[in-house]
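The values are calculated or read from the model by the stated rules, or taken from the named source; none is laboratory data. Just so we're clear, the structure is a prediction, and the values are computed from it rather than from any experiment. Here the Cβ is made from the backbone with ideal geometry for all residues, glycine too, and neighbour counts use every protein chain on show. With ligands, DNA and RNA removed, areas are computed over all heavy atoms of the protein, side chains included. Shrake-Rupley method; radii C 1.70, N 1.55, O 1.52, S 1.80 Å.
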Amino acid sequence: MGQEKLLFKVEDVYFSTNFKDWKKIVLASTDLNVWIKTDKGWKKIPNEHVSISEIKDASGGNSIMVMVIDNTKTFIGGKKPKVYSLYNALMSVLPTASDTVGAIKFTDAKRLVLKALYHGVRRPENIMPLVKRDYDEIVSILEEFKREGICTEAGILTEKGKLIMMEEGYK
Amino acid sequence: MNLSSFAKDALREVGNIGSSHSAGSLSEILSSKVEITPPVIDIIAGKDMVERVGDEGMIVSAYTFGDAITGTILFFYPLTGAQRVGQRIGNPGSVSELDRLLQEVSRKMASSFVKAISDFFAVDVKVSSPKLDESKIRSIPDLLSALGVSENGVLFFNTSLQDSDVTYCHLFFYLNEEDIRRIMNVELQGFEGEPLNFSELLGSFEKVFEVEERVNDFLETITVPVAARRAFLRSSAVGGFAEDRLRLLIENMLVRAGIGEKVSLEIKAPLTYRLRVEGCHICAMVPGGACHTTSTAVGRFFMENLKIGVTVREVECRNSGGEACVHELSLEQIDAFSVLPTASDIVLLNLLEKGPMQLQEIVQKSDLPKEEVNEALKVLEYYGIVQRKGDEIRMTPLGEVFLTFARNAYPTREEVQEDWDDIAKIEERIKSKKESVPEPEEKPPWEM
């Protein structure tokens, strides 16, 4: 077996398993493993046990990458360019879930349904051709919006729903 | 010694590779955990080294290695660390016995260190004990002088091997300047057998990071007016896309950010575009990797700057034998539709809501110039909102939903900057922003 080869290393990113307790770490990627260094030293995770799920923007010019290690969600956060660099580099190294091979999505169905409601399109069968998503998925999102007080039973956006539209810049 | 930070990184990586193997070797000898402290890369002269390791009760071992790469490794055992090692491996009865055992431990650690380097660079490196006149060595500066280290010092890699309550030894390692430069050009095997040299391996991620940072600067600085987003979508349908200002901005921005030599955006189908990157720098920087940096750059631009969701898929890459790197962009229809309609579209759709009509009738009833009607219908047909059947024009089921959507579209007020797509001015704004805003203090965690 050949020598393990370091591909890249990134410092000053933060690691959490619960989105609350963030620890400053160093993350290194080799052709065999992902290495994470915390104050307790280095931890090695074989590449085949790690997959990248998604990347999300957070406030203050930060981003958070969701990394799945042995079926457990973990979060790596830091400055946006750094986390995107890490995400892009890891995508070149780690195995990817089959439905995301080669494709990177900058969208999500909830945002699209919210936008349809904002523009007065409320029935799932009308929302469907606009957002090009499955009927069942749209119905489930609408149910969630009703539960969370984002829209009424009739699909009219509440003040909370409108606020989300404005704050998130969905408009 | 005039070495770049890049060369320091090279020394750091070589030191990391070697010292982790030395620690592994010590751990095996002691049958217990051995940790490595974060390495320090610094120019150290004799007197500085005394400050770092102390000058009392120290047992020292020195090894040199040579052939393809030459350098020196020094192990300094503080008394407590030396005694702990001694207790674990043989309980020596005298200081000279302890010294002999530690020299043996050091030789094993030095061999592991050198073997790791030898394997990594796939070159022959042999370890040996330097021939020194021990009668002349009474202090650490004497030792360094005997090893040929000048009074001004050399660039050392320094770490300590320890357990939770004791430091077993301090490890110092150096290469001469010429050797550092040489190892940066030693060829390594990259992914898929692509050869690359050590400095390229170290630098590739840094270079991608620089591109990411430039992309980020552009995304944070560019503001695209709604009218420009609308023109982009409409020119895709009726022609004039080649001169579209937003299209040209995307292409220029990606070139200026360092993505590739030439970037062109082409229409593939309604709401589907192809971004072609010739002379792609990204896959050249990440061995064996795909161009995710390009995908995320263009994806983020659509989502963050144009408010249009998008899925980006690389369909061709130079790394996989393609002529260029090609990314396919699929835009979210609802996002595109929220900027697409003009007042004329809504007038026409209001008429067609009542039933199919012929062009002449639409022109008469809409009270709009024929050219304007023709152009609007062409856009609406392209996006599947109306369809022609013979001379008749009718609204599609998608058109009916689109009309509700378009009628409820709230006009967006915005301050339009005439030079929104002037890349030179955008770069000037980035520069002045960087000069005027101090680096924010880094403090985690952030608030969601």
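What is the mean number of Cβ atoms from other protein chains located within 10 Å of the Cβ atom of each residue in peptide A:37-43, rounded to a whole number?
1
In whole percent, what relative contact order does the range A:18-87 give with Cα contacts below 8 Å and a gap of six or more residues?
Relative contact order comes out at 20 percent.
Based on alpha-carbon centroids, what's the gap between the range A:60-82 and the range A:1-53 in Å, whole number please?
Cα centres, the range A:60-82 to the range A:1-53: 12 Å.
Roughly how far apart, in whole Å, are the Cα centres of the range B:105-148 and the range B:218-245?
Between the Cα centres of the range B:105-148 and the range B:218-245 lies a distance of 64 Å.
From other protein chains only, count the Cβ atoms within 10 Å of every residue's Cβ in B:207-217, then give the mean.
5
Once the dipole of the protein assembly as shown is set up with Lys and Arg at +1 and Asp and Glu at -1 on Cβ about the Cα centre, which of A:81, B:20, B:106 lies farthest towards its positive end?
A:81
Determine Rg/Rh for the range A:1-142; Rg is computed over alpha-carbon atoms and Rh is the Kirkwood hydrodynamic estimate from the same atoms.
That ratio is 1.08, to two decimals.
Cross-link candidates for residue B:378: which lysines have Cα within less than 20 Å, leaving aside residues fewer than 8 places away along the same chain?
Within the straight-line limit of under 20 Å, residue B:378 reaches these lysines: B:268, B:354, B:365, B:370, B:389.
Taking the Cα centre of the protein assembly as shown as the origin and placing charges on Cβ (Lys, Arg +1; Asp, Glu -1), which of B:317, B:82, B:351 is farthest toward the positive end of the dipole?
Toward the positive end, the furthest listed residue is B:351.
Separation of the range B:78-99 and the range B:313-333 by C-alpha centroid, Å?
63
Would you mind estimating how fast the range B:276-384 diffuses translationally, via Stokes-Einstein at 37 °C and 0.692 mPa s with the Kirkwood radius over Cα pairs, in µm²/s?
For the chosen part, D equals 194 µm²/s.
Ignoring ligands, DNA and RNA, please state the percent of accessible area on the range A:40-98 from carbon and sulfur, probe 1.4 Å.
48
Quick check: at a probe of 1.4 Å, how many percent of the accessible area of chain B sits on carbon and sulfur atoms?
46
Residues with beta-carbon under 13 Å from that of residue B:388, excluding residue B:388: net charge, scoring Lys, Arg +1 and Asp, Glu -1?
Charge balance in the 13 Å sphere: 0.
Per residue Cα convex hull volume for the protein assembly as shown, in cubic angstrom?
About 181 Å³ per residue, rounded to a whole number.
Can you give the relative contact order of chain B as a percent, counting alpha carbon pairs under 8 Å and 6+ residues apart?
So the answer I get is 13 percent.
For chain A, what is the relative contact order in percent, using Cα pairs closer than 8 Å and at least 6 residues apart in sequence?
Worked out over chain A, it gives 13 percent.
Rounded to the nearest 100 Å², what's the accessible area chains B and A bury against each other, both chains counted, probe 1.4 Å?
The contact between A and B buries close to 5000 Å².
Averaged per residue, what accessible area in Å² does the protein assembly as shown show with a 1.4 Å probe, protein chains only?
Using a 1.4 Å probe on heavy atoms only, each residue of the protein assembly as shown averages 47 Å².
Give me the aspartates and glutamates in straight-line cross-link reach of residue A:23: C-alpha distance below 16 Å, same-chain residues under 8 apart excluded.
Residue A:23 reaches A:11, A:12, A:39, B:442, B:447.
If the elastic network links every pair of Cα atoms under 10 Å, which of B:26, B:329, B:132 fluctuates the most in the Gaussian network model of chain B?
In the Gaussian network model the winner is B:132.
Select from A:22, A:36, A:46 the residue farthest towards the positive end of the dipole of the range A:1-49; place +1 on Cβ of Lys and Arg, -1 on Cβ of Asp and Glu, and compute about the Cα centre.
Going by the charge dipole, the pick is A:22.
Where does chain B land on Rg(C-alpha)/(2.2 N^0.38 Å)?
My calculation over the Cα atoms of chain B gives 1.50.
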